[in-house]
Amino acid sequence: IQIIMDSFVQNPRGRRPQIDDTPIQDFIIYLEKTPADQWAKKADAFEKLVASIPNPANVQGTIEWFSDPRILRHLAVSIGALLKDSRSTLVKRSCETCTQLWNKCGPDARYLLKDIMPVILGIHAQTVQVIRKYVQNMVSEALTKIPCKGAMPLWLERLKTDKSRTVREACAIYLTIGMENWKDDEGYLTTEIWKQVGSGMIRSLRDPSPSTREYVRQGLEIFRNSRPDLWDQVIYDPSGDDEG
């Protein structure tokens, strides 16, 4: 009883207790202070931070910085800076560490993954293919473990408007992976989301890039198999042809 009373006194309104995010703040400060040419130290620091996370991170009954989606997203700027570095070795190591982070934190990292997505797409616009591939493989694997429907509007918009072929390809790939892996989570992808994704991908069948069109067709095949009840609606919806 005394323990319960002490807890009530410390947190009288039942608010969530303050979570100690010191490890994240220390990591952020370290990256900011470390010179650019000491990139290996930055990679080491990221690896050390993620290595400190238990596996799985979400231990029932406890909430730490690594199991709180709102706290984890504080890493977005720092991780984004590592991923968009021009050194392919740093990007490779950072992608590998990100994969460990996704594996440990799972869905708790959904906001973080969404927050770094603009940086991810920016990387897809660059010309260094090996870096693009590192990032694409990392994100593709992450999406199989982390439901991230919050990124879908960005993918749809950039699939429609981005001038970079490689960005449009990536958006089609990520939309397809999302549909394939989240379709069985009942209620996660609402009917409205399915319709928006379907309509957007149908528009992109006219993309000037053959490879983008092929990725779009793969996505639409998953759409048709997953939601046959919506297929005719998106195929014949006049609003889906807003450029025609």
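Per-structure values
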{"quantity": "Members of the stretch 75-95 found to be among the β-branched types (Val, Ile, Thr) and open to solvent by 50 Å² or more (accessible area, probe 1.4 Å), listed by number", "calculated": "Val77, Thr89"}
{"quantity": "Residue count, the stretch 36-91 (criterion: among the acidic types (Asp, Glu) and more than 14 Å from Ile24 (Cβ to Cβ))", "calculated": "4"}
{"quantity": "Any hit, the stretch 123-134, residues being open to solvent by 10 Å² or more (accessible area, probe 1.4 Å) and closer than 26 Å to Asp185 by Cβ", "calculated": "no"}
{"quantity": "Test result for Thr127, without any contact (Cβ under 8 Å) to a residue 24 or more places away in the chain, within 23 Å of Lys163 (Cβ to Cβ) and not hydrophobic (A, V, I, L, M, F, W, C)", "calculated": "yes"}
{"quantity": "Some residue of the stretch 200-207 being farther than 24 Å from Ile146 by Cα, small (Gly, Ala, Ser), surrounded by fewer than 16 Cβ atoms within 10 Å (Cβ to Cβ) and without any contact (Cβ under 8 Å) to a residue 60 or more places away in the chain", "calculated": "no"}
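Every residue, every condition in (1) at pLDDT 95 or above; (2) under 12 Å from the mean Cα position of the chain (by Cα); (3) more than 28 Å from Arg165 (Cα to Cα), yes or no:
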residue	(1), (2), (3)
Asn58	no, no, yes
Ile63	no, no, yes
Leu112	yes, yes, no
Ile131	yes, no, no
Gln136	yes, yes, no
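Let's see how each residue does on (1) small (Gly, Ala, Ser); (2) open to solvent by less than 30 Å² (accessible area, probe 1.4 Å); (3) part of a helix (DSSP H, G or I):
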| residue | (1), (2), (3) |
| --- | --- |
| Ala40 | yes, no, yes |
| Glu47 | no, no, yes |
| Ile53 | no, yes, no |
| Leu101 | no, yes, yes |
| Cys105 | no, yes, yes |
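The values are calculated or read from the model by the stated rules, or taken from the named source; none is laboratory data. These figures come from a predicted structure and were not determined experimentally. Cβ: placed from backbone, ideal geometry, glycine included. Neighbour counts: every protein chain shown. In case anyone asks, the SASA skips ligands and DNA or RNA and just uses the protein heavy atoms, side chains included. Shrake-Rupley method; radii C 1.70, N 1.55, O 1.52, S 1.80 Å.
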